[in-house]
Amino acid sequence: MLNEWCRIRRAAAALTLAAALAACGGEGGSSEAGGEGKDLPGDTTGGQAAPAAGAQPQSAAPAPKGPTGPVANLPPNEMGRIMVLEYHRTGSPEGEFVRTLANYKKDLQSLYEKGYRPVTMRQVLERNIDIPAGTTPVVFTFDDATRGQFYYRPDGSIDPNTMVGVWADFKQRNPAWSGGGVWCILPAAAHPSNFFGETPDKATPRAQREANIRKKMEWFVANGHEICNHTLFHARLDRAGSKVQDYIGIGEDSIKAYLPANYDIVTFALPLGMWPANRSLAWAGTYRDGKRYENKVVLEVSGGPNVPPWDREWNPHSVDRFIVAPGALERQLAFWEKDPSNRYVSDGDPRTVSYPRRMAARLDRSKLGGLTPKELPDAPAP
Ligand SMILES: [Zn+2]
């Protein structure tokens, strides 16, 4: 095992940073939402007997748990769509894979003010979208684990000029911004994409480096964020041949080495959005003499907003994302302001799925996972 690990480490080191990071999605990703995987994890939990259409709620909504923050003035629609945002590096000038820190700050602010709240992919997968009434879930994903995403300064504080630093500061000022993001890690990539810019082996003693990495992982777990596997070092899986399962499985092990023993990684991001020739190996496979991995959520690099997990077209094995390229999120938010008819709006009760009658045909009751559907009259036309 160790030999194999070292070989892959060497292969990773041989890649230039540019090659390792030739940015997710530069060559375009497939996005075949809904086309694959009839046997979906989580789909067998079985919906409970549904009340008749328009039935009254069976119990009062739970009391609010904390500050609510700004909400959208829209009726509940939990059959609406969910955006999965995709960030890469910070810096300037901006490009498809670079966001300035200033604009990333603005993204948090404008999403918050328009009533969006962060949830993780795990929460979506597990039907645990627990946000206040009148708010919309949004998933933040961050690929490639670069230094500009997360770094501890020598004095032990989080560098405020990183994506994590900005997030933590924003949350402190806006406690209703209570959820977390999804961080897709390359455990064996070349510096600075190895666990958020940890210095190369020779520059920092191994024990120190590992302590730094562990501290970062502890922060993510303690603050409600999700850790996602992005393979060992960003190899294209369409060209990886017999190594596909090692890149995914050993990648996951190499991340989990720094996580609590019971931490289950459920989300996997395809490097460059490229699928292995045998697509099912992105979802599950075996490596190291029969050890098994399973990715319940597979992230594409492009596509539009996603349907919710109780929609008949929900397919966690191919989740579309939305690259936060210059101007793109601004245009997207303007679109949802203008036409919110398919925007997900929470009813504030995590135990129910509320939706207008016009959306009823989209519901797949076998995907409710024990939640209670609640059909509402359609809102009158404006
Ligand atoms: Zn990537």
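At a glance:
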{"quantity": "Segment 244-352: mean projected area of Cα convex hull, nm²", "calculated": "9.9"}
{"quantity": "Highest to lowest packing among 165-178, 108-121, scored as the average C-beta count within 10 Å", "calculated": "108-121, 165-178"}
{"quantity": "Estimated distance in nm for a label pair at Arg153 and Thr286, the labels positioned 7 Å out from Cα along Cα-to-Cβ", "calculated": "5.1"}
{"quantity": "At 1.567 mPa s and 4 °C, Stokes D of segment 121-187 from Kirkwood alpha-carbon radius, µm² per second", "calculated": "96"}
{"quantity": "Whole-Hz ³J(HN,Hα) from phi, Karplus 6.51 cos²θ - 1.76 cosθ + 1.60, for segment 263-275, glycine and proline x", "calculated": "6, 10, 7, 10, 10, 10, 10, 5, x, 6, x, 8, 7"}
{"quantity": "Exposure proxy order (Cβ contacts within 10 Å, fewest to most) of Lys65, Lys216, Lys202, Lys105", "calculated": "Lys202, Lys65, Lys105, Lys216"}
{"quantity": "Most to least packed among 79-91, 282-294 [average Cβ atoms within 10 Å]", "calculated": "79-91, 282-294"}
{"quantity": "Environment charge of Thr162, counting only residues whose C-beta is closer than 13 Å and scoring Lys/Arg +1, Asp/Glu -1", "calculated": "+4"}
{"quantity": "Too-long pairs where the Cα-Cα distance tops 29 Å, listed order kept, from Lys105/Lys243; Lys216/Lys296; Lys105/Lys216; Lys65/Lys374; Lys114/Lys256", "calculated": "Lys105/Lys243; Lys114/Lys256"}
{"quantity": "Neighbour net charge for Leu299 - beta-carbon separation under 13 angstrom, K R +1, D E -1", "calculated": "-3"}
{"quantity": "Mean projected area in nm² (Cα convex hull; one quarter of hull surface) for segment 153-230", "calculated": "5.4"}
{"quantity": "Cα centroid of segment 135-191 to Cα centroid of segment 337-382, whole Å", "calculated": "31"}
{"quantity": "Mean Cβ neighbour count within 10 Å, used as a protection proxy, ranking 218-224, 271-277 highest first", "calculated": "271-277, 218-224"}
{"quantity": "Whole-Hz couplings from phi, Karplus 6.51/-1.76/1.60, listed for segment 283-297; x for Gly and Pro", "calculated": "8, 7, x, 10, 8, 6, 6, x, 5, 10, 10, 9, 10, 6, 10"}
{"quantity": "Proxy reagent accessibility, fewest Cβ within 10 Å first, across Phe322, Phe195", "calculated": "Phe322, Phe195"}
{"quantity": "Range of Cα positions in segment 67-175 per principal axis (Å), largest first", "calculated": "46, 29, 26"}
{"quantity": "Ranked His234, His317, criterion: other C-beta atoms within 10 Å, fewest first", "calculated": "His317, His234"}
{"quantity": "Cβ-based charge dipole, segment 182-291, positive-most Cα from Gln245, Phe233, Ile255", "calculated": "Phe233"}
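Values in this text are rule-based calculations from the coordinates and carry no lab data. Just so you know, these numbers come straight off a predicted model, no measurement behind them. For neighbour counting, all protein chains shown are included, and Cβ atoms are generated from backbone atoms with ideal geometry for every residue, glycine included.
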